[in-house]
Every structure is written in structure tokens, then in C-alpha cells.
1. Would you mind finding the one in 236, 262, 269 that is modelled with pLDDT of 95 or more and on the phi < 0 side of the Ramachandran plot?
2. Could you please tell me which pairs satisfy a Cβ distance under 6 Å, a separation of 6+ or placement on different chains, a first residue in segment 17-33 that is free of Cβ contacts under 8 Å to residues at least 60 places away in the same chain, and a second residue that is acidic (Asp, Glu)?
3. Please return the ranges of helices (runs of 4 or more DSSP H) entirely within segment 121-210 where 2 or more residues are exposed (fewer than 15 other Cβ atoms within 10 Å of the Cβ) and either of a type outside the set (Ser, Thr, Tyr) or not assigned by TED's automatic domain parsing to the domain that holds residue 244 (or both).
4. Would you please list the contacts, defined by Cβ atoms under 7 Å and residues six or more apart or on different chains, that run from a residue in segment 109-129 that is closer than 20 Å to residue 238 by Cα and aliphatic (A, V, I, L, M) to a residue that is modelled with pLDDT under 75 and assigned to a helix (DSSP H, G or I)?
5. Could you tell me whether any residue of segment 234-242 is under 23 Å from residue 148 (Cβ atoms), in contact with a Lys or Arg (Cβ under 7 Å, 6 or more places away or on another chain) and acidic (Asp, Glu)?
6. Among the residues of segment 97-118, write down those that are at pLDDT below 95 and of a type in the set (S, T, N, Q).
7. Against the condition surrounded by fewer than 18 Cβ atoms within 10 Å (Cβ to Cβ), among the small types (Gly, Ala, Ser) and in contact with a helix residue (DSSP H, G or I) (Cβ under 7 Å, 6 or more places away or on another chain), how does residue 246 come out, does it pass?
8. Can you give me the number of residues within segment 80-103 that are among the small types (Gly, Ala, Ser), part of a helix (DSSP H, G or I) and surrounded by 21 or more Cβ atoms within 10 Å (Cβ to Cβ)?
Amino acid sequence: MCYERGSTKPRSSLMQIRKGMLWFGLIGTLLIGIRHLLPGEAASGGAFDAFCPFGAIETFWAYLTRGETLKTTNLLNFAVFSGVLGVSLVAGRAFCGWMCPVGAVQEWLAGLARRLGGEKRHVRGKLFKARLPIQLPLRADRPLRYAKYMILGLILLASAAAIYPPLFPFCPARAVFSFKLTTGLLWSVLITFIASSLLVERVWCKYLCPLGAALAIFNKLSPVRLRADFKACNHCGRCDIECSMGIKDVPDNLSDTECIRCLECLETCTRDDALVIKVGDIR
């Protein structure tokens, strides 16, 4: 069924599932943060950071060469990362778009920014006139996209001689969810994260997230992916408008490493079968 431009049709069951999974990840991480405050938690379950999938990447070299994990991490990191890796092998960066609690917070902040910027009701596929969030100019956006890969590389280098995970003092997940803002630096991280996410949609995912950088290659390898039928697609630009990652010419770039597989482009499309989910069609 086709819908008119600027459709306000109810969200599909697939998108309801995605929102439910984001809420599940968000609430689960909040509960882990609260549990972290309970007496005796460290002895019974490990630090808050032990539940972070990126912690496995940070502590991998130490465990491989010294037989021990970095402080605040443990073998649980590898278990969590294995789950994320399994999802990525099948569906690319779907973890970022469907499960990541930091991504969920950014989506909520982007919605808040639109309301603060003057948008009364969000209409999918329609360019809104709200002042927030903003789109960075291409001359700034393009080079900044490489920052997360540089951060990943620096963290991998630093982890070889580290005692604590290199991202430990700067991690927005710790600032948002651990409820232990014990340093001025963590307060700065929290304030900067909130302010920048209100200003630019999914700013952490686009420019800074080292986990997203590590998972990006799987968008090129995963068997589950979107495909465009260019006979059905009329290049109306609705999917470009709705893409939270700011990908341009979405039908031509469905395997872009920036894509978080949120499927909002599929949800927004008004043309029958212009965008479809394919399994095993790697080319």
C-alpha cells in the first residue's frame, strides 16, 4: 500500500519491535547501573564496565598477552561482545540501530531537540522547519566521520600498555548509566554528550563511537541487508530526510558503513517494493 507524501501512518509492527528492543536495552542498562550502586555488587557481579561490549576490544590484548583483563573489565565483556558480534555477522550494524542504549538516548534527545526547535509533530519523510537538530555542512561532516576510526586505532594502541580501559574516563555510557559521576571529567562528558546530541542527531554514532567503527565492516559482509528496486524507486528523497545517520542518496548506499540498519528508510518509503529486505544477496 502506498501513502501520500509526508505520511503519518502508524508505525509498522517491525518498527514497534525495534522501539521495544531499544527500550529493553535502555532499561536493562539502567538496571545494571542501579545494581552497580548496591553494597557488595563488585564482588558478586563485576563493575558496570564489565557489561560493555567494547570492553572486550579494549581488554583483548591484555588478556591475550598477560592472561588478565584490564581493571573494571572481566570475561563478561567477551560474552556480551560475542552476542553483538553474532548480530553483526548476520545483519551488519543492527546492534547500533536496534539495541544500543546510547543510541536510544540519542534518539530521544533528537526528538526532544525537534520539539524544542519548533516542530509540533514529526511527519516521516517531510523536511521539517525546526531549528534543531542541525545538519553539519559536508565540508565538516565528511572528515569528522573518520574520527571514530582514529579513536578506535588510538584505543587499540593504548590498550597494549593500559591498566584501565582507555575509554574509561570518557565513555558516555558510564556518564549516563553508571550513576557514579565522581569526577569533573565525567560530568563534562555527560553535559557534552547531552548538549551535542541535542544539537546534532546521533552525534556519537556518526563521529565518535569506536564500537560503531569496529562493526562498520560487517555492513559489507552481512547476508541480511536492504536492496533497492530502481524501477520502483522514484528518488523522492524521503529516506534521505529520515535517515538519522545523515546518509545521502540512501537507495544507492544501502550497504554504507554508516548505516545502522534501523530500517527507518524502509518504514518511510511510499513505493511498493522500492526497498526490500534480502537474505544472502551479498554483492
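The values are calculated or read from the model by the stated rules, or taken from the named source; none is laboratory data. Quick caveat, the model's predicted, so the values are computed rather than measured. Glycine gets a Cβ as well: all are built from the backbone with ideal geometry, and neighbour counts include every protein chain shown.
1. Working: 236 fails: modelled with pLDDT of 95 or more; 269 fails: modelled with pLDDT of 95 or more.
Answer to the check: 262.
2. From residues that are free of Cβ contacts under 8 Å to residues at least 60 places away in the same chain, there are no pairs.
3. Working: elements: 138-144, 147-159, 172-177, 184-199.
Where helices (runs of 4 or more DSSP H) fall fully within segment 121-210 and carry at least 2 residues being exposed (fewer than 15 other Cβ atoms within 10 Å of the Cβ) and either of a type outside the set (Ser, Thr, Tyr) or not assigned by TED's automatic domain parsing to the domain that holds residue 244 (or both), they are 138-144, 147-159, 184-199.
4. Here the result reads none, with nothing in segment 109-129 linked to a residue that is modelled with pLDDT under 75 and assigned to a helix (DSSP H, G or I).
5. Scanning segment 234-242, I find at least one residue that is under 23 Å from residue 148 (Cβ atoms), in contact with a Lys or Arg (Cβ under 7 Å, 6 or more places away or on another chain) and acidic (Asp, Glu), so the answer is yes.
6. none
7. Values: surrounded by fewer than 18 Cβ atoms within 10 Å (Cβ to Cβ): yes; among the small types (Gly, Ala, Ser): yes; in contact with a helix residue (DSSP H, G or I) (Cβ under 7 Å, 6 or more places away or on another chain): yes.
Answer is yes for this residue.
8. In the first step, residues of segment 80-103 are kept if they are among the small types (Gly, Ala, Ser); the result is 82-83, 86, 88, 91-92, 94, 97, 103.
Going one step further and asking which of them are part of a helix (DSSP H, G or I), we end up with 82-83, 86, 88, 91, 94, 97, 103.
Cutting the leftovers down to surrounded by 21 or more Cβ atoms within 10 Å (Cβ to Cβ) gives us 88, 94, 97, 103.
Going through segment 80-103 one residue at a time, the tally reaches 4.
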